[in-house]
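See structure below.
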Amino acid sequence: MRLSLVPALDPSLAGSLVLLHLAVVAGGLALLSSASASGLESVRCRLQGTPRTPVFSQDGDFIIGGVFSFHYFMKTMDHSYTSLPEPLQCTGDSRELRFSRAMVFAVEEINNSSYLLPGVTLGYQVHDSCNSVPMAVKVAFQLANGLDPMFDTGEQCSGSATVTAIVGESASTPTISMLRIIGPFGIPQVSHYASCECLSDKKQYPTFFRTIPSDQFQAAALAHLVRHFGWTWIGAVRSDSDYGNNGMAAFLQAAQEEGICVEYSEAFSLTNPLSKVQRVADVIRSTARVVVAFVSAWDMRTLLEEMDRLPSPPRQWIGTESWVTDPDMLRFGLCAGAIGFGIQRSVIPGFRDFLLDLSPQKVSNSPMFTEFWEGAFGGVEEKVCDGSEDIQHLQAPYTDTSQLRITNMVYKAVYAIAHAIHSIVCEERENSTVNCDKNLNVKPTQVLERLRRVNFSRNGYQVSFDANGDPVATYELINWHMRDSGKIDFVTVGRYDASLPPDQRLDIEREITWLKNSTQVPVSVCSESCPSGTRKAVQKGKPVCCYDCIQCAEGEISNNTSDCLICPEEYWPNAERDRCILKPVEFLSFHEVLGIILTACSVGGACLAIATATIFYRHRTSAIVRANNSELSFLLLFSLTLCFLCSLTFIGRPSEWSCMLRHTAFGITFVLCISCVLGKTIVVLMAFRATLPGSNVMKWFGPPQQRLTVVFFTFVQALICTLWLVLSPPFPIKNLTTYKEKIILECDVGSAIGFWAVLGYIGLLSLLCFVLAFLARKLPDNFNEAKFITFSMLIFCAVWITFIPAYVSSPGKLTVAVEIFAIITSSFGLFFLLFVPKCFIILFRPEKNTKKHLMEKTSNDIRY
């Protein structure tokens, strides 16, 4: 269909001049017609303004448009608005001539093909956009409308578009401008170089396809690359265009997800004042060591020329495919060691010969070839070209086919359009022949629909489009290697494939040469990594990559992380605080010094008690043994032996049985011991009263009653212990609170009431025994045992009263040691005061071991 604006209205109507001027500037159709009062009767469409002829063109059954930035400037013109504007003019070096030649080569190859569009001829119209929006818009109008000066459709100004599809443009911003014009008419546009992520939006650009990957993938790849080498503090520069702004926005988002901090993000354009470019260059010179440049080749050249003007500190450049594979950039030595992603290098068989097939006649017939020829071989001012020049030996970007990257994208774009047309006009027959109808009226919307389903392989490279019109994103990792001669070369050192899992996408195959020709990866961080055992504390007012290192708190570790982690309950940090180790387990052991000492005291006390029992047994008929109630004495020695030995149950690793045994054995044996002492005290009191005239009290407290008393008191304690064990017995626990850095194995008493009931009952009997002994301390016997019982009970009570606060306040295994010490001390107190004096008399003063001596009266002292 032909693009039509509104018909030209009566000159008296307001705004008609504005519409006319818009049509002239845009290069579209202004419709001059005569209208009657009843409406539009006939329309004659006339091309308004001066059309631009194609740089290259060829007729064919189906025409493909091509738009390339042969030049990179458009001559600025002043408009007086009193006359028609002059035609737009391009200026600058010929840059993308090779891209356009790749399109022509592909068309000719397809026209000579026997399997793709056989019998059908493709034509082309290749235009120069000057890398500018106004020229790109003008070209878009011309490709949609054609160049016929006038036509008459009768009723309406509409018809088929001139081209079925368009290849181009190279830059994203002009491409967007073109799509605004041709998009509503369903004309598909396949770009070879416009990589802006924004173009993947099918709601805004439903007719757009491209053979170059979207910058969304390149931005993610750049962030992945930066993080791979540990750079967390970088600078960023971008072109102030759709390409640079959208690409950098995608990169900054990906960088944030990777934990990368961007110190600055500067935008500039080659059209900016020089002062703006100088300011960006000064920022780069003074800040982060690694710089990511999402910049077009035109803008990058301007920046590097400014950077080259003054000595600059070395910077590690990370580049995009727009400039990192541009051969013209290799002249900037300050970028030696740069790395970046480039489109996969390819081979197009026969293309170099096609490029070099430029006869003098071809050159003279084409203004673009003439311009190229004069520029390549000296120009008009320095040397007059006479046709004798040999292009075979020309060293120029046009003849260099060693780095066919974007060129191959043009080649694939033409083939994609050809395959789409083929699927419309051709069909396979039963005999495997292909029949194509070149007279079929193919609409751009049909080509658009078939392009979505294109899937083929050419020269080993797959071509297909996803739902967004994008190809599979694969890149080569390019490194700028500097030779010994000082020349810089492109070297492929790795690959990036966005279709693979994230951890497999980046594959570095060769060693990278960094800035200053070093093989050591440069460091670019705001703060060095925190050592193990410390955490990051962000510096106030600065990005998260700038931080101080603060030692982890007690019980925490860090191992190459930004935060400290608390060790599990039974673990504790090692000395370096970089890993958690099991806490050492502590309990009172038989193998440590304190355990050995307490064991020796316990066993020694038991041995003394047994030895004393042996002495008493051998002298059981002696007066002193008989006078001190030998039955209770032997029972007391037995209970003292058990008291000494029960302390051993407190030593060693606590277990369920040892916890229950130690407290119950201690409680019962001590009650048995105190019961015997209490019985001896009562015997002394009763014996004194029995000597009074008319007293028969001893018959009520004879040996049977004494045994019954001991059994009763002991039974009560046994009952308390039984209830304790049944209701809430002691059990082993891991004490994790007393010490943070170690585990104390100890016995929990279970029921606190049961524990203190056992101790309270022992204390009650001890107090009763002490009171009775105290009352009998002045009885006038030569060997008054009540005094010794008084002192022994005094010591016993003092030990256990002191034990209570010591037990409560002692930490860890010292709690057990305090309890053992109290048992052994109180046992030794009873033993020494009750039995040592008797043994001394038996062994060393036998003359006092007589009934006569024991029956002698004494006033207050004990004599022996």
Problem set entry | Residue match in the range 71-89 (condition: modelled with pLDDT of 90 or more, aromatic (F, W, Y) and buried (at least 20 other Cβ atoms within 10 Å of the Cβ)) | no
Exercise. Restricting the search to the range 583-595, which residues are outside any strand (DSSP E or B), surrounded by 13 or more Cβ atoms within 10 Å (Cβ to Cβ) and within 47 Å of the chain's Cα centre (by Cα)?
Worked result: K583, F587, L588, S589
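State which residue is surrounded by the fewest Cβ atoms within 10 Å (Cβ to Cβ) when the search covers only the range 443-497 and only residues that are hydroxyl-bearing (S, T, Y) and over 38 Å from the mean Cα position of the chain (by Cα).
Quick first cut of the range 443-497, residues hydroxyl-bearing (S, T, Y) only: 445, 457, 461, 464, 474-475, 485, 492, 496.
With the extra rule that they be over 38 Å from the mean Cα position of the chain (by Cα), the set shrinks to 445, 457, 485.
Numbers: T445: 16, S457: 10, S485: 6.
The qualifying residue surrounded by the fewest Cβ atoms within 10 Å (Cβ to Cβ) is S485.
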Exercise. Name the pairs whose Cβ atoms lie under 6 Å apart, with the first residue in the range 501-521 and farther than 15 Å from H481 by Cβ, the second among the hydroxyl-bearing types (S, T, Y), and 6 or more positions between them or separate chains?
Worked result: R505/Y496; L506/Y496
Problem set entry | Residue in the range 703-720 that is surrounded by the fewest Cβ atoms within 10 Å (Cβ to Cβ), counting only those that are touching a Gly at 6+ places or on another chain (Cβ under 8 Å) and without any contact (Cβ under 8 Å) to a residue 60 or more places away in the chain | T709
For this session: Give just the number: which of (1) within 27 Å of G595 (Cα to Cα); (2) part of a helix (DSSP H, G or I); (3) not aliphatic (A, V, I, L, M) does T790 not satisfy?
Result: (1)
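Yes or no: the range 119-129 includes at least one residue that is in a helix (DSSP H, G or I), at pLDDT below 95 and surrounded by 14 or more Cβ atoms within 10 Å (Cβ to Cβ).
Quick first cut of the range 119-129, residues in a helix (DSSP H, G or I) only: none.
Within the range 119-129 (the criterion being in a helix (DSSP H, G or I), at pLDDT below 95 and surrounded by 14 or more Cβ atoms within 10 Å (Cβ to Cβ)), the answer is no, since none of the residues qualifies.
Across the range 631-655, what is the total count of residues that are part of a helix (DSSP H, G or I), small (G, A, S) and closer than 18 Å to I824 by Cα?
First, the residues of the range 631-655 that are part of a helix (DSSP H, G or I): 631-650.
Among the residues that remain, those that are also small (G, A, S) are: 633, 639, 647.
With the extra rule that they be closer than 18 Å to I824 by Cα, the set shrinks to 639, 647.
Count: 2.
Looking at the range 406-414, is at least one residue more than 27 Å from R210 (Cα to Cα), assigned by TED's automatic domain parsing to the domain that holds V120 and hydroxyl-bearing (S, T, Y)?
Initially, the range 406-414 is screened for residues more than 27 Å from R210 (Cα to Cα), giving none.
No - not one qualifying residue is present in the range 406-414.
Would you confirm whether or not the range 424-434 contains a residue that is touching a helix residue (DSSP H, G or I) at 6+ places or on another chain (Cβ under 9 Å) and modelled with pLDDT of 95 or more? So that I can check it myself, show each step before the final result.
Pass one, the range 424-434, residues touching a helix residue (DSSP H, G or I) at 6+ places or on another chain (Cβ under 9 Å): 424, 434.
Still in the running and modelled with pLDDT of 95 or more: 424.
Yes: one or more hits.
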Problem set entry | Single unsatisfied condition, I424 versus (1) touching a strand residue (DSSP E or B) at 6+ places or on another chain (Cβ under 8 Å); (2) surrounded by 18 or more Cβ atoms within 10 Å (Cβ to Cβ); (3) under 24 Å from E108 (Cα atoms) | (1)
Exercise. Assigned to a loop (DSSP other than H, G, I, E, B), buried (at least 18 other Cβ atoms within 10 Å of the Cβ) and out of contact with any Lys or Arg (no Cβ under 9 Å at 6 or more places or on another chain), is that true of T513?
Worked result: yes
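For every residue, the table says whether it meets (1) crowded, with 17+ Cβ neighbours inside 10 Å; (2) basic (K, R).
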site	(1), (2)
A553	no, no
L565	no, no
I581	no, no
I597	no, no
F616	yes, no
R620	no, yes
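If you take the residues in the range 302-331 that are in a helix (DSSP H, G or I) and acidic (D, E), which one is nearest to Y72 (Cα to Cα)? Break it down stepwise before answering.
Step one: list which residues in the range 302-331 are in a helix (DSSP H, G or I), which gives 302-309, 321-324, 327-331.
When the remaining residues are screened for being acidic (D, E), the result is 305-306, 308, 321, 328.
On the way: E305: 17, E306: 19, D308: 22, E321: 18, D328: 14 Å.
Out of the qualifying residues, it is D328.
The values are calculated or read from the model by the stated rules, or taken from the named source; none is laboratory data. A quick note: this is a predicted structure, and the numbers were derived from the prediction, not measured. Every residue, glycine among them, receives a Cβ derived from its backbone with ideal geometry; neighbour counts consider all protein chains shown.
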